[in-house]
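Q: To start, I am sharing the structure in question, which I have written as structure tokens.
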Amino acid sequence: MPVLRPEWVTMPDSPDPSVPPAAEDPAPATPYEAIGGETAVRALVDRFYDLMDLEPGYRELRDLHPTPMEGSRDKLFWFLCGWLGGPDRYVERFGHPRLRARHLPYSIGVRERDQWMACMTQALAETGVDPALATRLQASFANTADWMRNRGA
């Protein structure tokens, strides 16, 4: 029976016969492993929130968050660990993420969505996430970010 892998993992049709099986590196089983595990997810989240604080272009996004942002950092870190296929830290603490419901109290429109995406895209690049993985993550983030909108503009 073939091994089922997430669609983002590209597997060759057959192994390279010139490379002994022991020398082949197995493909990461999850995006969590591909990104580098807990340390890399934490670095990504920290850079995301640092950029939000530093870059004037993310002002409206920053204004939606409390000061200080440690709680927000931790929640995104815990959520991303599980969402990427690692430990379900967020679910262990809070239950089902209910992302849309948890974001309804905040006014989120196109500008906030676009700032979130730009900030995350910059964080992915600056933390050295593999470009192919970053592209796939951005596509998933874009769908979720658009779903968080609760006002038209």
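Q: Quick check on region 112-131. Is at least one of its residues out of contact with any His (no Cβ under 7 Å at 6 or more places or on another chain), more than 20 Å from residue 46 (Cα to Cα) and loosely packed, with under 14 Cβ neighbours inside 10 Å?
A: no
Q: Just the residues that are outside any helix (DSSP H, G or I) and surrounded by 15 or more Cβ atoms within 10 Å (Cβ to Cβ), please, taken from region 44-71.
A: 55, 64, 65, 69
Q: Mind listing just one residue for me: the one in region 97-109 that is free of Cβ contacts under 8 Å to residues at least 24 places away in the same chain and more than 17 Å from the chain's Cα centre (by Cα) and, of those, surrounded by the most Cβ atoms within 10 Å (Cβ to Cβ)?
A: If we take residues in region 97-109 being free of Cβ contacts under 8 Å to residues at least 24 places away in the same chain and more than 17 Å from the chain's Cα centre (by Cα), then 102 is surrounded by the most Cβ atoms within 10 Å (Cβ to Cβ).
Q: Next up: Of these, 101, 125, which one is under 26 Å from residue 28 (Cβ atoms) and part of a helix (DSSP H, G or I)?
A: The conditions single out 125.
Laboratory data are not the source of any read-out in this text; all were calculated from the coordinates shown. Computed from a prediction, not measured in an experiment: that's the story for all the values here. Because the Cβ atoms are built from the backbone with ideal geometry, glycine has one as well, and the counts that use them run over all protein chains shown.
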